[in-house]
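What follows is a set of notes on a single structure, which appears directly below.
Readers should treat all values here as calculations from the given coordinates under stated rules, not as data from a laboratory. Given the structure is predicted, the values throughout are model-derived calculations rather than measurements. Here the Cβ positions follow ideal geometry from the backbone for every residue, glycine too, while neighbour counts run over all protein chains shown.
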Amino acid sequence: MQLHLRFIQTAKRHSKNIAVYDKATNNDYTYSRMLIASFILKEHVAKIKGKYIGIMLPTSMGCMLAILSTLMNGKIPVMINYATGAIENSKYARTKCNFKTIITSKKLLDKLGLQPIDHMIFIEDILAQVTTMGKLKAAFLSKLPLSLMKSVVHHGSMDDVSVILFTSGSEKEPKAVQLTHKNISHNVNSIPEVIDISHEDTFMSVLPFFHVFGLTVDFWLPILCGCTLVTYPNPLDYREISNLVREYKVSLMAATPSFFYGYLNKSEPGDFKTVRFAIAGADKLPEKLVDGYMRKHGIILYEGYGTTETSPVISANTPKHNKLGSIGKLLPGVQLRILDIGTDKILDPGMEGKILVKGDLVMAGYLGDLEETSLRIHNGWYDTGDIGMIDSDGYLWHKGRLKRFVKVGGEMVSLVKVEDALSRLLPENVICCVVDVPNPTKGADVVAAVANGDFDMPKILKQLKKELPAIAVPRQFYVIEDIPMMGSGKVNFRAVENIVREKWSNGD
């Protein structure tokens, strides 16, 4: 059953339960009210021409309704990143997907200090046009049996595209990822098989829906399980989010490590006492962050792994199966191969190589890019571009990005491994990023960017020399107070690399 039809089914089953505490508008929505609101918006979205509709809205009920109503009309939502160049990303998405209309918010544009561009329509204006007759019609439709819903909403194949998301662009130009109803349903069906989730759970939903981690884990998963969501539009408002976790007795939470750092620093002991499962993804989870949550809140921070192209979750640590440092065990229905980097030979457990996965979670392909799709997917196997190994207990270990390996003096150096070692030695509040710079004799040198210089650099270097080969120890530290970040909370490696290489070439 397609995602929007499953939502209708869930909404009817849990009609009186609170679906969303929407902190963007300070309104509460039962599942019944949310269903009615989605039918109201459906009538307005139906008037928009074209197959694709851009959606640029923060984590909120408004964004959820825009997605649902778009799918109910048989159209495809294109999620636009507003955190890193909203206007540029809007234009890029339009060109890539060939559409015009973007549903956004006046409040969001005002907060970003931006003027709207052509063919932007505002969620506030749409809601202001709602008539009493429109409300009555939507209320009537919401009472129809599920079997009759097919006559008023779109129904199609599970292989139909349910969303267009863009890769982060942290390493190269963003690609338009097509995720089908089947793809996202894989995660929605598989995650509850390894983590106890029920309609009595409350999710803290803070991740942006233009990022696959947020879209699946902070929207589709809880809303299709009948859970309650507390949505907050700004994941960087660390103190307020910690307050909300305590106030609403949140039980489940997902975020990136950088966001979890913020919550750890700004929270008070006791704020997270009701959280029974918290998971970090999208970036490496440092051990000191795990220790910090255990010391301050007495909870375990788990680590998972996924990609935009896999809807996203491939593996996760859970209360039943947790090995610190690993990225957990595979979700049900996920097949995995570790291939030799040079020969593509299938490797045995314990050996490092390229991570390939197969299953219903793998995307339909990149829109308008058959060549890149064929490079990444072969016979159903998706090449993640990551390096890893699976141990004898079935835990997957992430060893870095293939593109984040650099050859120094003829030897391959993992920038991620250097980052991990450096991160363990730096104070908790210092974000770091390791990149390479050209060296005419050795091929490259390793250098590090740090958010501030409040640490004993000679002492750190001395310790690194004990842990790493000499060629992997950073030759230089550059202090970049505002290290560029993606909207998802990941470090923007490409932007950091450009800054550092410019400083290096200028002899700074």
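Relative to the present Cα-Cα distance, how much length would full extension add between S392 and L144 at 0.36 nm per residue of separation?
84.1 nm
If you line up the long axis of helix 415-425 against the longest principal axis of the chain, both from Cα atoms, how many degrees apart are they, to the nearest 10?
80
With unit charges on the beta carbon (Lys/Arg positive, Asp/Glu negative), name the residue among H321, I471, N17 whose Cα is farthest towards the positive pole of the charge dipole of the chain.
My answer, from the dipole projection, is N17.
Where in the range 31-65 are there trypsin sites (Lys or Arg not before Pro) that are in a DSSP coil and have at most 13 other Cβ atoms within 10 angstrom of their Cβ?
K47, K49, K51
Helix-derived [θ] at 222 nm for the chain: sum -39500 (n - 2.57) over DSSP H runs of at least 4, divide by residue count, nearest 500?
Computed mean residue ellipticity for the chain: -10000 deg cm²/dmol.
If the cut-off is 20 Å between C-alpha atoms, which aspartates and glutamates fall inside it for K106, apart from same-chain ones fewer than 8 positions away?
Partners found: D22, E88, D118, E124, D125.
What full-extension length gain, to one decimal in nm, is calculated for N429 and N98 as 0.36 nm per residue of separation minus the Cα-Cα distance?
Contour length minus Cα-Cα distance gives 114.9 nm.
Considering only C-alpha atoms, what is the centroid distance from the range 64-116 to the range 205-267, in Å?
One Cα centre to the other: 21 Å.
By its C-alpha gyration tensor, with a ≥ b ≥ c as the square roots of the eigenvalues, how is the range 409-505 shaped: rounded for a/c under 1.5, else prolate for a/b larger than b/c, else oblate?
It is oblate, given that a/c is not under 1.5 and a/b is not larger than b/c.
Taking R0 as 35 Å, what's the FRET efficiency between D348 and D237 from their Cβ-Cβ distance, rounded to 0.05?
0.15
Among the listed pairs K323/K466; K462/K503; K111/K137; K49/K150; K23/K100; K107/K273, give every one whose C-alpha distance is greater than 31 Å.
K111/K137; K107/K273
How would you rank E502, E43, E371, going from fewest to most other Cβ atoms within 10 Å of each one's own Cβ?
E371, E502, E43
Could you pull out the trypsin sites (Lys or Arg not before Pro) across the range 310-378 that fall in loop regions by DSSP (anything but H, G, I, E, B) with no more than 16 other Cβ atoms inside 10 Å?
K320, K323, K345
How large is the charge dipole for the chain, taken about the Cα centre, if only the Cβ atoms of Lys, Arg (+1) and Asp, Glu (-1) carry charge, to the nearest 20 debye?
1060
For a label point 7 angstrom out from the Cα of E193 toward its Cβ, which stretches of the range 360-400 have the backbone nitrogen within less than 15 Å?
360-362
Hey, which aspartates and glutamates would be in cross-link range of K75, C-alpha to C-alpha under 18 Å, not counting anything within fewer than 8 residues on its own chain?
In chain and number order, the partners are E43, D159, D160.
For the residue pair D340 and T132, what label-to-label distance in nm results when each label sits 7 Å from Cα along the Cα-to-beta-carbon direction?
Rounded to a tenth, the inter-label distance reads 7.7 nm.
Based on the alpha-carbon gyration tensor of the range 5-121 and its eigenvalue square roots a ≥ b ≥ c, which shape applies: rounded if a/c is under 1.5, prolate if not and a/b is larger than b/c, or oblate?
Oblate, since a/c reaches 1.5 and b/c is not below a/b.
Where in the range 152-222 are there trypsin sites (Lys or Arg not before Pro) that are in a DSSP coil and have at most 11 other Cβ atoms within 10 angstrom of their Cβ?
Loop-located and lightly packed - K172.
Among the lysines, select those whose C-alpha is under 19 Å from the C-alpha of K135, and discard any that sit fewer than 8 residues away in the same chain.
Filter leaves K12, K16, K42, K47, K143.
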